[in-house]
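This report refers to the structure that appears directly beneath it.
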Amino acid sequence: MPQKIAAGNWKMNGTRSSLSEIQAIAEAAQDIDCTAILCPPAPLIHSAAGLAGPLAIGGQNCHHAKSGAFTGDISAEQLVDCGASYVILGHSERREGYGESDTLVRDKAQEALRSGLTPIICLGESRDQRTAGQALDIVLAQLSVSVPDDAQIIIAYEPVWAIGTGLVPSVAEITEMHDALRAQLHAIYGASGQDISILYGGSVKPSNAQEIFAIPNVNGALVGGASLKAEDFLPIMRSLAES
C-alpha cells in the first residue's frame with residue numbers, strides 16, 4: 001500500500017529563525033498518522049535534522065555526480081551526511097529555470113538512490129499544454145524517462161500553472177492524471193508500481209486539502225508556501241491522516 005505522505009518544499013525561504021516552525025511541526029507530528037517530510041534550503045538541513053524528531057528532512061535538489069568540480073552544487077552524499085533522507089528532483093522551477101531534462105532528472109534519481117536518499121520526482125504540464133489537451137501525454141512522457149530503475153521513489157504531480165497561483169485543477173482533472181500515473185507506474189515496475197506514493201502539488205492549503213485527499217490515487221501532497229508555517233501545514237497533515 002502507498003504511504004500517506006505530506007511533504008513540504010520551502011524553496012528559497014527561511015533562515016535559522018525559521019527553525020522554530022520545524023520544531024513546532026515536529027512536536028505535533030508525533031500524534032498525526034502520516035509520513036511528514038520537510039525540505040528546507042540546504043543551509044538549514046543539518047540544524048533541521050537535529051530538531052526533526054518524527055519528521056523526515058529532505059533536500060530540494062542534488063547533482064547527478066557523486067563529487068567533483070561543480071561549484072555551488074550539492075551531492076546526494078552530502079545531503080545524507082547533513083541528515084536528509086529524501087530529495088526533491090525535477091521540480092518545474094528546476095526544469096524551466098535551469099533547463100533540466102527528463103534524462104538529467106533520472107540520472108539524479110539514480111545517484112540519490114545510490115546514496116541512500118528517496119527521490120521525490122516532480123512532473124507537470126504548463127497551462128498552454130493543459131489547454132491544448134496535451135497534459136496526459138506530456139506528464140506520462142516525463143514519467144517514462146525521469147524515473148530510475150528502482151521503484152523506491154515518490155512521484156509528485158504538480159501542474160505548473162497551479163504552483164503558487166491559487167489555481168487548482170478540478171477533481172476530475174486530478175483523478176484522470178493520478179489514475180493514469182498509477183497505470184503507467186504499474187506498467188514500468190509491475191506490482192511494485194502499486195506501492196509508490198503519488199502526491200498532488202499546486203496551491204494545496206488547509207481549505208482544499210480534504211477534498212484533494214479524498215481522490216483515489218492521491219496519496220498525499222507536496223506543499224509549497226503552506227508548509228512554511230506550522231499553523232498551515234499541520235491541518236494539511238491532519239486532513240491526510242484522516243483521509
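Each value in this text was obtained by applying a stated rule to the coordinates, not by laboratory testing. If you're wondering where the values come from, they're calculated on a predicted model, not measured in any experiment. Virtual Cβ from ideal backbone geometry, glycine too; neighbours counted across all protein chains shown.
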* Which value, in Å³ per residue, describes the convex hull spanned by the Cα atoms of the range 126-177? -> 92
* Vicinal HN-Hα couplings computed from phi for the range 95-111 (Karplus, 6.51 cos²θ - 1.76 cosθ + 1.60; Hz; Gly/Pro x) -> 5, 7, x, 10, x, 6, 8, 4, 5, 5, 4, 4, 5, 5, 5, 4, 5
* Structure fact -> The base-10 log of I(q)/I(0) that the Debye equation returns for the range 100-205 at q = 0.15 Å⁻¹, one scatterer per C-alpha, is -0.60
* Structure fact -> Number of Lys pairs in the chain closer than 27 Å at Cα, excluding neighbours under 8 places apart unless interchain, is 9
* Structure fact -> Computed over the range 66-127, the distribution of all Cα-Cα distances in 5 Å bins, rounded to whole %, is 4, 18, 26, 26, 17, 6, 2, 1
* Structure fact -> Ranked output for segments 140-151, 217-228, 94-105 by mean other Cβ atoms within 10 Å, highest leading, reads 217-228, 140-151, 94-105
* Square roots of 5 times each gyration tensor eigenvalue, C-alpha, the range 5-226, largest first, Å -> 25, 21, 17
